[in-house]
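Asker: Starting off with a structure, shown below.
The values are calculated or read from the model by the stated rules, or taken from the named source; none is laboratory data. In this text the structure is predicted, and so the values were computed from the model without any measurement. Neighbour counts run over all protein chains shown; Cβ positions are idealised from the backbone, glycine included. Note: areas computed on protein heavy atoms with side chains; ligands, DNA, RNA excluded. Shrake-Rupley method; radii C 1.70, N 1.55, O 1.52, S 1.80 Å.
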Amino acid sequence: MNLKTLKLFLLFPVFLCPLLLIAQVQKATLSGYIKDAQSGETLIGASVYISELQTGATSNEYGFYSLSVEPGTYNVEYSYLGFETITKQVELNANTTLSVEMGENVTELVEVVVTSEAEDRNVTNTEMSVNKLSIKTITKVPALLGEVDVIRSIQLLPGVATVGEGATGFNVRGGGVDQNLVLLDEAPVYNSSHLFGFFSVFNPDAVKDVKLYKGGIPARYGGRLSSILDVRMKEGNSKRLAVSGGVGLIFSRLAVEAPIVKDKASFIVAARRSYIDVLAKPFLSGDLGDSKLNFYDLTLKTNYTINEKNRIYLSGYLGRDVFGFGDAAGFNWGNATATFRWNHLFNDRLFSNFTAYYSDYDYQINFGNEATNTFDWDASILNYSLKADMSYYINPNNQLTFGGQAILYEFSPGNAIGVSEGEETNFSLDKKNALEAGIFVENEQKINSRLSLHYGARLSYFNYLGEGTAYEFEETEPGKAKSLVSSRTFDDWESIETYANIEPRASVKYQLNSSTSLKASYNRMAQYIHLISNSTAATPVDVWTPSTNNIKPQVADQYALGVFKNFKDNKYITSAEVYYKDFQNIVDFIDGANLFINELLEAELLNAEGRAYGLELQVEKKKGRFTGWVSYTLARTERKVAGINNDEWFPSRFDQLHNLSVTTFYELNKRVTFSANFVLNSGTPATFPTDRFTQQGYVIPHVASNSRSNVRIPAYHRLDVSATIKGKKKEGKRFESEWVIGVYNVYNRRNPFSIYFRQQEVRPAQGQPINTEAVQLSVIGNFIPSVSYNFKF
């Protein structure tokens, strides 16, 4: 990036300054917070509308809204789906603060919807390629063993996929699992799964809001190529003590929330633990008697309203998966995060949030139950961050957002110590440090009643730092390992390599009529950290590494175009989007790369380019007893690497041509709800041998021409059903309960996770052919019934 380009970016906010002149001094500002009357929780995306002016605003992530209009007396309408609409007459002759509390609409049947904002927001809002799942919807989706799961629920949305059961993370529009930025109260979560992807780390009792950005990503987000999953936690009930929980076949959970000072400070604590090892213990003996097989997590948050202009939050998460096979072997991994946030109102129009967070993800492996013969390995990624976000509500037609962030990384790619016959050997790799920083500015602007824009840019900077050794390699032959040329040692915090990128973002919406709109978006994203994994699905022990002098930052440009149409007074919502994404500097590997404790790993990495394109369709029914949605994705995801596959494009390992999901809910009455979902995906690519060699009775597979992804495994499909039966609620009592009965994989489908080859166990006689066979691995091969009990009071 040259100096001229940098100057243009830094002057970008100046270009927006004329917008500030639009805000006339005579205007009065109405601002405040919108909350749930029962719990005191702020409501995200609630609508504020002045009918006389036909203008309005929505509340931000902290429930704050601001609306500047000409002085006068107006009827102000506050609305939020599932809540009673409130209308207040406001005499607005000066800046006025008005916070409201909204009560739930208990007269209607509970609606199961994909968004909890304004009914037509999908059509009228500039956002596209964005899905917001309410926690009420997530709790009703049929799930494995009846356990509510955020990650598995978003996999039912268009453009979101997974390579199969037992795979951690998710894939969005052709991106890898490491190209999704998963945030929990703004802190990154590097492994979002428990039990190898069967459950997510998010406790549903503590989750308030889930929002997925697949495209048109605002400039305030950065660091990943494909998506942003923004999960917000509850603040805690500020009105009264509330307890909720559940007991299932595999784990139980409990959440407690209560006011510390009523309407001023509150907290929530939520915990889960599985008990597979407890149930199995009576059946294990001998060396396996002390086996451990469990996961747990603890989520907590507290907040304090200092005054009308200041509020602070403190939240944290601690979770771990533990697998131990007696004293002989074991492995475990876990996330830990902590977030401190300070909301400050400089004035009625300028809202700010300052964030400091800590995030740590580590993973460990150990073998050997004798002190003289052991192996211990651990690795981690640790980061600290400071962030500032400012929102200036210029007028109802312009909202300017700007800010910056700095992240300090510490990578520990492998601390390994082996002991053999009492002799200790240290295989540990050097730690790596890095600094990532970014500043951004964006504006959401309404040009007229039909045309709206959301545009901005982000300047990102990355510095790979010492202490450590940097290696220089030269390419010998495309697709092969590079040869070492030289090495250089750097002191602590000495700069080794720097990178910078300008990341423009833009979205536009044109309103054809009250129920139809056209939208388009473009975004460039840069990613400076990489997950080193060459398996079909990411595993908990894959290693993270920064961009270095040999590993360039990944960059992706995405273009999207969509049409959004609602029918019958927003009863039916439809959307169709097409997208094209171009990837640069994707990390790939030579054939047979050694990724484990390899000091010269960078010599075995290849630089790839990629492309992904597709069509996403969604139809959703929002009202009535029968609700749900159908989503379909037609997509291609391809890679191209010099020296691999004859230098031709080949499907990536998570390419799926067809991806169909049908999710339905039927409310029989106010106590009984039936749910079902069906999933049908094309098989993912695999690389099979094209021929073989034999050597001393052993088969050596061979892939001709370095081909990749030359076959596909069979298609994946599955049907799940469940029924939720609520207990009778006694008048005047707060206790509520429900039973959830379900069946996962109803018709016993044995979906292939992978296919591998093996030869016969007995070596054949000399001169006899050696037989080999293909073996299909299915993680789940039978239907799984479940029953769970949930309660709250």
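Asker: Does Ser575 satisfy being out of contact with any Gly (no Cβ under 8 Å at 6 or more places or on another chain), within 29 Å of Glu444 (Cβ to Cβ) and open to solvent by 20 Å² or more (accessible area, probe 1.4 Å)? Walk me through how you get there before you give the answer.
Answerer: Details: out of contact with any Gly (no Cβ under 8 Å at 6 or more places or on another chain): no; within 29 Å of Glu444 (Cβ to Cβ): yes; open to solvent by 20 Å² or more (accessible area, probe 1.4 Å): yes.
Spelling it out, it is not the case that Ser575 is out of contact with any Gly (no Cβ under 8 Å at 6 or more places or on another chain), within 29 Å of Glu444 (Cβ to Cβ) and open to solvent by 20 Å² or more (accessible area, probe 1.4 Å).
Asker: I've got another one for you. Between Glu731, Glu738, Glu761, which is in a strand (DSSP E or B), free of Cβ contacts under 8 Å to residues at least 60 places away in the same chain and among the acidic types (Asp, Glu)?
Answerer: Glu738
Asker: Considering each residue of the stretch 399-424, count those that are touching a Leu at 6+ places or on another chain (Cβ under 7 Å) and at pLDDT below 95, and give that number.
Answerer: 2
Asker: Quick check on my filter: what residues within the stretch 318-364 are within 30 Å of Glu424 (Cβ to Cβ) and at pLDDT 90 or above?
Answerer: Of all residues in the stretch 318-364, those within 30 Å of Glu424 (Cβ to Cβ) come to 320-334, 336, 360-364.
Correct list: Arg320, Asp321, Val322, Asn332, Trp333, Gly334, Ala336, Asp360, Tyr361, Asp362, Tyr363, Gln364.
Asker: Looking at Asn369, is it over 14 Å from Phe340 (Cα atoms) and of a type outside the set (Asp, Glu)? Quick ask: steps written out before the conclusion?
Answerer: Numbers: over 14 Å from Phe340 (Cα atoms): yes; of a type outside the set (Asp, Glu): yes.
In short, yes.
Asker: Still on this model: Just to confirm my filter: which strands (runs of 3 or more DSSP E) fall fully inside the stretch 347-438 and include at least 3 residues that are closer than 16 Å to Phe596 by Cα? Break it down stepwise before answering.
Answerer: Numbers: elements: 350-370, 373-395, 398-420, 423-426.
Here the list reads 350-370, 373-395, 398-420.
Asker: Then there is this: Name the single residue that is nearest to Asp655 (Cα to Cα) among those in the stretch 605-633 being open to solvent by less than 40 Å² (accessible area, probe 1.4 Å) and of a type in the set (D, E, K, R).
Answerer: Once the filter is applied, the top-ranked residue is Glu616.
Asker: Taking the stretch 527-543 as the search range and keeping residues that are open to solvent by 20 Å² or more (accessible area, probe 1.4 Å) and farther than 17 Å from Leu382 by Cβ, which one is modelled with the highest pLDDT?
Answerer: Asn534
Asker: What is the number of the single condition among (1) open to solvent by 10 Å² or more (accessible area, probe 1.4 Å); (2) modelled with pLDDT of 95 or more; (3) within 30 Å of Ile439 (Cβ to Cβ) that Asp209 does not meet?
Answerer: Result: Asp209 passes all but (2).
Asker: Mind checking which residues of the stretch 634-655 are open to solvent by less than 20 Å² (accessible area, probe 1.4 Å), within 22 Å of Val578 (Cα to Cα) and not in a strand (DSSP E or B)?
Answerer: Ser652, Asp655
Asker: Something else: Note down all Cβ pairs under 6 Å where the first residue falls in the stretch 685-702 and is farther than 30 Å from Gly174 by Cβ, the second is among the charged types (D, E, K, R) and assigned to a strand (DSSP E or B), and they're at least six residues apart or on different chains.
Answerer: Once the first residue is farther than 30 Å from Gly174 by Cβ and sits in the stretch 685-702, its partners that are among the charged types (D, E, K, R) and assigned to a strand (DSSP E or B) give Val699/Arg692.
Asker: Right, next: Here's a check for you: in the stretch 582-607, which residue that is free of Cβ contacts under 8 Å to residues at least 40 places away in the same chain and more than 18 Å from Pro546 (Cβ to Cβ) is farthest from the chain's Cα centre (by Cα)?
Answerer: Among those that are free of Cβ contacts under 8 Å to residues at least 40 places away in the same chain and more than 18 Å from Pro546 (Cβ to Cβ), it is Gly592.
Asker: Of all residues in the stretch 483-502, how many are over 18 Å from Ala406 (Cα atoms) and open to solvent by 60 Å² or more (accessible area, probe 1.4 Å)?
Answerer: The total comes to 7.
Each row is one residue, and each column tells you yes or no for (1) surrounded by fewer than 14 Cβ atoms within 10 Å (Cβ to Cβ); (2) over 30 Å from Arg653 (Cα atoms).
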| residue | (1), (2) |
| --- | --- |
| Arg712 | no, no |
| Ala715 | no, no |
| Leu719 | no, no |
| Val743 | no, no |
| Arg763 | yes, yes |
| Gln768 | yes, yes |
| Glu773 | yes, no |
| Ser778 | no, no |
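Asker: Return the total of residues in the stretch 678-710 being of a type outside the set (Ser, Thr, Tyr), surrounded by 11 or more Cβ atoms within 10 Å (Cβ to Cβ) and either at positive phi or touching a Lys or Arg at 6+ places or on another chain (Cβ under 6 Å) (or both).
Answerer: If we filter the stretch 678-710 for residues that are of a type outside the set (Ser, Thr, Tyr), which is where we start, we get 678-681, 683, 685-686, 688-689, 691-693, 695-697, 699-704, 706, 708, 710.
Then keep just the ones that are surrounded by 11 or more Cβ atoms within 10 Å (Cβ to Cβ); that gives 678-681, 683, 685-686, 688-689, 692, 697, 699, 701, 703, 706, 708, 710.
With either at positive phi or touching a Lys or Arg at 6+ places or on another chain (Cβ under 6 Å) (or both) added as a condition, the list becomes 679, 683, 685, 697, 699, 701, 706.
Selection size over the stretch 678-710: 7.
Asker: In addition: All but one of (1) open to solvent by 40 Å² or more (accessible area, probe 1.4 Å); (2) touching a Phe, Trp or Tyr at 6+ places or on another chain (Cβ under 8 Å) hold for Phe346; state the number of the condition that does not hold.
Answerer: Result: Phe346 fails condition (2) only.
Asker: For residues in the stretch 414-426 being open to solvent by 20 Å² or more (accessible area, probe 1.4 Å) and not acidic (Asp, Glu), which is farthest from the chain's Cα centre (by Cα)? Working first, answer last.
Answerer: Applying the first criterion (open to solvent by 20 Å² or more (accessible area, probe 1.4 Å)) to the stretch 414-426 yields 415, 417, 419-426.
Next, from what is left, pick out any that are not acidic (Asp, Glu): 415, 417, 419-420, 422, 425-426.
Values: Asn415: 28, Ile417: 34, Val419: 39, Ser420: 42, Gly422: 45, Thr425: 39, Asn426: 36 Å.
Top of the filtered list is Gly422.
Asker: Within the stretch 547-571, how many residues are at pLDDT below 95 and open to solvent by 70 Å² or more (accessible area, probe 1.4 Å)?
Answerer: 3
Asker: Please state which one of Thr302, Thr339 is surrounded by 20 or more Cβ atoms within 10 Å (Cβ to Cβ), under 30 Å from Gln399 (Cα atoms), in contact (Cβ under 8 Å) with a residue 60 or more places away in the chain and in contact with a strand residue (DSSP E or B) (Cβ under 8 Å, 6 or more places away or on another chain).
Answerer: Details: Thr302 fails: surrounded by 20 or more Cβ atoms within 10 Å (Cβ to Cβ).
Step by step, each of Thr302, Thr339 is checked, and only Thr339 is surrounded by 20 or more Cβ atoms within 10 Å (Cβ to Cβ), under 30 Å from Gln399 (Cα atoms), in contact (Cβ under 8 Å) with a residue 60 or more places away in the chain and in contact with a strand residue (DSSP E or B) (Cβ under 8 Å, 6 or more places away or on another chain).
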